[in-house]
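Read the structure below first, then the notes.
Throughout, read-outs are computed from the coordinates displayed, never taken from laboratory work. Every value quoted in this text rests on a predicted model; they were computed, and no experiment measured them. Quick reminder, even Gly has a Cβ in these numbers, built from the backbone with ideal geometry, and neighbours come from all protein chains shown.
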Amino acid sequence: MSKRGVGGRGKGERPDAMATLQVANEELRAKLMDIQIELQHEKNKVSRLEREKSQELKAEHHRSSLALTELKTKLHEERTRELSITRETLLRQHEMELMRVIKIKDAEIQRLNGLVLTLRDGTTDKVRHLYLYLYLSVCHDYDSEGRDYGQGETPVPICLPWF
């Protein structure tokens, strides 16, 4: 059997085939290298896009946090305003109630002062009438007995009428 190859080639064809294979192999290696370089570029692009996306998400989160903080601040200010308005309203109502109670108490005080004055004036009249009665009764006793009362002696009537 001859040392021919299966394809029916001779020894002279082998170096050409080897050279062709080497060239094809080099071409494939070059193509593989280009694909690997392109893959690396694509990986870099993906990494950069992911980084940008992450930065955008962080920026969006920051904006959301700021907006939330602003809303909380506005809510706090609004609550403070509402509390202030409610406090002022309650204070006004309380002052009005106090003024009403003060007016009622002033009217009661005036009424009681009037009663005191009336009683005081009336008591003075009663005391004056009592003294007048005592004086008259003493005078009558003086005249009827004909006796002279000395200093420091005061006649006391037996019965006093109530006025």
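For this structure, a couple of remarks:
- Loop sites in the range 16-74: GluC sites (Glu not before Pro), DSSP, at most 12 other Cβ within 10 Å: none
- For the range 14-27, putting each phi into the Karplus relation 6.51 cos²θ - 1.76 cosθ + 1.60 with θ = phi - 60° gives couplings of 5, x, 5, 5, 5, 5, 5, 5, 5, 5, 4, 4, 5, 4 Hz, in residue order, rounded to whole numbers and with x for Gly and Pro.
- Nitroxide proxy distance, nm - points 7 Å out along Cα→Cβ at Leu136 and Gln110: 3.9
- Spin-label model distance (nm) - Leu21 vs Ser47, 7 Å beyond Cα toward Cβ: 3.8
- With θ taken as phi - 60° and the Karplus curve 6.51 cos²θ - 1.76 cosθ + 1.60 applied, the whole-hertz 3J(HN,Hα) list for the range 36-53 is 5, 5, 5, 4, 5, 4, 5, 4, 4, 4, 4, 4, 5, 5, 5, 4, 4, 4 Hz, x standing for glycine and proline.
- Rounded to the nearest 20, the Cβ-based charge dipole of the range 31-75 about its Cα centre (Lys and Arg +1, Asp and Glu -1) stands at 220 debye.
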